[in-house]
Amino acid sequence: MILFITGTPGTGKSTVASLLKEKTGLRLIDLNQLINDEELYTGIHEEWKYKIVDLDALCQSLNNIIADLKDQEDLLVEGHLSHFCKGADVMVVLRAHPDILRKRLKNKGFPEKKINENIEAEALDVCAFEAFQTYGDKTNEINTSDKKPEEVADIINKIMIGEEYLPVGQVDFFDYLIT
Ligand SMILES: Nc1ncnc2c1ncn2[C@@H]1O[C@H](COP(=O)(O)OP(=O)(O)OP(=O)(O)O)[C@@H](O)[C@H]1O
Ligand SMILES: [Mg+2]
């Protein structure tokens, strides 16, 4: 079973994925780390200093890892670009209400402009929509807004073992756009 976790920055992918790794012993690939370790970027953004990721190289590297998996070996992959790569049996999109996401991204030290970009994308379901475009019914979404990371990890565990299925379309943050 190969499970990818995606979601707007700040939705809790890294927090939840490390809890899952602790709990299940699953092998975990953190795409941000892979991008750094293998220098899978084409440059650095002049103003914002973030790395401009080489998406083709990232997906190629991830596909190589997947191709090298032993039979029946499970894999967890987390990163906000994961849904652009092929290879998942199950895709999970973490969601968080824009007001909550703003607080989390502020705590992470994101600049105001980046916070606004991300919370607007979250309100418009961008990540869930993109993931659904590639992965269709294999895509689940979890609203983390009122859940502890441990609860989110438990839900993903249930999705992995087939006890839970949370199709895209149940999370709605449009209230944020009209109020
Ligand atoms: N379910 C949750 N409830 C409350 N806080 C959470 C939850 N999940 C994560 N957080 C907090 O939100 C912050 C962002 O989480 P985290 O770094 O795991 O997000 P991320 O999705 O990996 O972001 P990025 O894409 O930038 O790597 C952290 O401070 C974390 O403690
Ligand atoms: Mg992270």
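In this structure, is LYS51 surrounded by 15 or more Cβ atoms within 10 Å (Cβ to Cβ), modelled with pLDDT under 95 and within 18 Å of the chain's Cα centre (by Cα)? It is true that LYS51 is surrounded by 15 or more Cβ atoms within 10 Å (Cβ to Cβ), modelled with pLDDT under 95 and within 18 Å of the chain's Cα centre (by Cα). Residues that are more than 15 Å from ligand 2 (Cβ to nearest atom) and closer than 29 Å to LYS148 by Cα: does region 27-42 have at least one? Yes, there is a match, as at least one residue in region 27-42 is more than 15 Å from ligand 2 (Cβ to nearest atom) and closer than 29 Å to LYS148 by Cα. Listed by position, the strands (runs of 3 or more DSSP E) contained in region 26-72 that have at least 3 residues being touching a residue at least 12 places away in the same chain (Cβ under 8 Å) and touching a Leu at 6+ places or on another chain (Cβ under 8 Å) are 27-30.
Here MET91 fulfils each of the conditions (1) touching a residue at least 60 places away in the same chain (Cβ under 8 Å); (2) over 11 Å from THR11 (Cβ atoms); (3) surrounded by fewer than 23 Cβ atoms within 10 Å (Cβ to Cβ) apart from (3). For region 87-115, residues that are assigned to a loop (DSSP other than H, G, I, E, B) and within 10 Å of PHE4 (Cα to Cα) total 3. Of the candidates ASN157, ASN118, the single residue that is within 16 Å of ligand 2 (Cβ to nearest atom), in contact (Cβ under 8 Å) with a residue 60 or more places away in the chain and in a helix (DSSP H, G or I) is ASN118.
The values are calculated or read from the model by the stated rules, or taken from the named source; none is laboratory data. Just so we're clear, the structure is a prediction, and the values are computed from it rather than from any experiment. Using ideal geometry, Cβ is built from the backbone for each residue, glycine included, and neighbour counts are taken over all protein chains shown.
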